[in-house]
Amino acid sequence: MQKLSDRTAGFTDSVIRRMTRISNQYGAVNLSQGFPDFEPPKEILDRLEQVAKEDFHQYSITWGAQNFREALAAKQSPLMGRTIDPNSEIVVTCGSTEAMMAAMMTVANPGDKVIVFSPFYENYGADTILSGAEPIYVPLYPPTFRFDSEELEAAFKQKPKALILCNPSNPCGKVFTYEELSCIADLAKKYDTYVITDEVYEHIVYAPHKHIYISSLPGMWERTICCSSLSKTYSITGWRLGYIIAPPEIIEVAKKVHDFLTVGAAAPLQEAVIPGLQFGQAYYDDLQAKYTHKKELFLKGLDDIGLVHTNPEGAYYVLLDISEFGYESDLQFCEILASKVGVGAVPGSSFFKEPVNNLIRCHFAKKDETLNEALNRLSQIRKKIPAKG
Ligand code: GLN
């Protein structure tokens, strides 16, 4: 038999999604893969029921149903500070996972370099490999996860085609400030580089931090490919609804890539989510209040147990420091955590380019009772996982 493709040899399956399977195997409270265990908004579910009996069962237009794109453009235009054209500036994708992959394939030729901040969401590694691009990693330094502007400029000097910006950031919870975004924007313009954003946590930001779209900075709309999704905003990760927003010349190409990758996102689901896209500000204020409460509940619980952790400015992840347990492999630690303590987490090493193995990632997009159960189990952590050596 001939060997399978070389391009697939460079990465493993997703550790995040593997940890969900391991959590299920041990009946652990799954705080690994980031998705909610609470219901999506009732308005969306009610519409879903109606849609089943209406005429939405065949393909939508490949780059997204007209109704959906119009509702999305109306929602995003005021947020992004410009009038987005639903016909020429949007492609609807199967989640932001496809949006990011399509954006990479739209921009990069094999051998092109792409800047990725580390820690990073693990898909970006595979995205670069699958599109033939080569990542240049630039570290974000804890505890604030700021980058060093000289290190960033050194990366730009290598003539990258694009920079990937996850803002708010998974897994470190960073929300980039205007000043940091300006620095990235100035370098992107100086070195003629595209910026591909992953903004799926755009509505999950903790006061006093604010989400700023880098595409809204002067001269950045032209070179920014905004990727995002409805998964986190409306608690519908299984619906796989994502999108790219960018200038028409870029969207023209992204439409072609998307068309041959997946043809289109699920037509009935695009229709059913429209009441969500039409929600007023109160929905987003409530979402923010809900996640602020969950963050406070979970972080206070960790403090009571005495586990050292990051303090996210946005998104719903927290990195816990497991140095005290003396494990060399954070993957092994997470397996023991799932089997002995009954809590699922993701080993930090799957997010860092640097050899970091003393961090694990938990998320708090769960009902209070689920978080309390996880904290209850974690309170036994030192009894159930004795420190090595
Ligand atoms: N973004 C979520 C996480 O980091 C879910 C990822 C996924 O599996 N698509 O856990």
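The values are calculated or read from the model by the stated rules, or taken from the named source; none is laboratory data. In this text, all values refer to a predicted model and were calculated from it rather than measured experimentally. Neighbour counts are summed over all protein chains in view; Cβ atoms, including those assigned to glycine, are modelled from backbone coordinates with ideal geometry.
Things worth noting here:
- Some residue of region 238-251 being aromatic (F, W, Y), within 16 Å of the ligand (Cβ to nearest atom) and within 15 Å of M100 (Cβ to Cβ): yes
- Taking every residue in region 217-245 that is free of Cβ contacts under 8 Å to residues at least 60 places away in the same chain and assigned to a loop (DSSP other than H, G, I, E, B) and pairing it with any residue that is more than 16 Å from the ligand (Cβ to nearest atom) and among the small types (G, A, S), at least 6 positions away or on another chain, the pairs with Cβ-Cβ distances below 8 Å are L217/S182; L217/A185; P218/A185; G219/A185; M220/A185; M220/A188; L230/G276; T233/G276.
- Count - residues of region 1-51 that are farther than 30 Å from R377 by Cβ and within 11 Å of the ligand (Cβ to nearest atom): 0
- Residue in region 104-120 that is more than 16 Å from the ligand (Cβ to nearest atom), closer than 30 Å to T12 by Cα, touching a Ser or Thr at 6+ places or on another chain (Cβ under 6 Å) and outside any helix (DSSP H, G or I) present: yes
- Residues satisfying the stated conditions in region 136-169, i.e. at pLDDT 95 or above and under 27 Å from M19 (Cβ atoms): Y137, V138, P139, L140, Y141, F145, I164, L165, C166, N167, P168, S169
- Looking across Q2, Q66, Q76, Q33, one residue alone is closer than 29 Å to D259 by Cα and without any contact (Cβ under 8 Å) to a residue 40 or more places away in the chain. It is Q66.
- In this structure, Y284 does not qualify as of a type in the set (S, T, Y), in a helix (DSSP H, G or I), within 16 Å of the ligand (Cβ to nearest atom) and out of contact with any strand residue (DSSP E or B) (no Cβ under 8 Å at 6 or more places or on another chain).
- Looking only at residues in region 2-43 that are acidic (D, E) and assigned to a loop (DSSP other than H, G, I, E, B), the one that is farthest from G276 (Cα to Cα) is D13.
- Which listed residue, of E89, E98, is under 29 Å from Y194 (Cα atoms), of a type in the set (D, E, K, R), within 16 Å of the ligand (Cβ to nearest atom) and surrounded by 19 or more Cβ atoms within 10 Å (Cβ to Cβ): E98
- Of all residues making up region 339-364, the number that are within 16 Å of the ligand (Cβ to nearest atom), assigned to a loop (DSSP other than H, G, I, E, B) and surrounded by fewer than 24 Cβ atoms within 10 Å (Cβ to Cβ): 1
- Output for region 44-62, where each listed residue is assigned to a loop (DSSP other than H, G, I, E, B) and either among the small types (G, A, S) or under 20 Å from S235 (Cβ atoms) (or both): A52, S60
- Among the criteria (1) away from the ligand (no atom under 16 Å from the Cβ); (2) surrounded by fewer than 18 Cβ atoms within 10 Å (Cβ to Cβ); (3) not aromatic (F, W, Y), the one L130 does not fulfil is (1).
- Scanning region 63-86 for residues that are in a loop (DSSP other than H, G, I, E, B) and more than 17 Å from P247 (Cβ to Cβ) yields a count of 1.
- In this structure, G280 does not qualify as surrounded by fewer than 23 Cβ atoms within 10 Å (Cβ to Cβ) and within 15 Å of the chain's Cα centre (by Cα).
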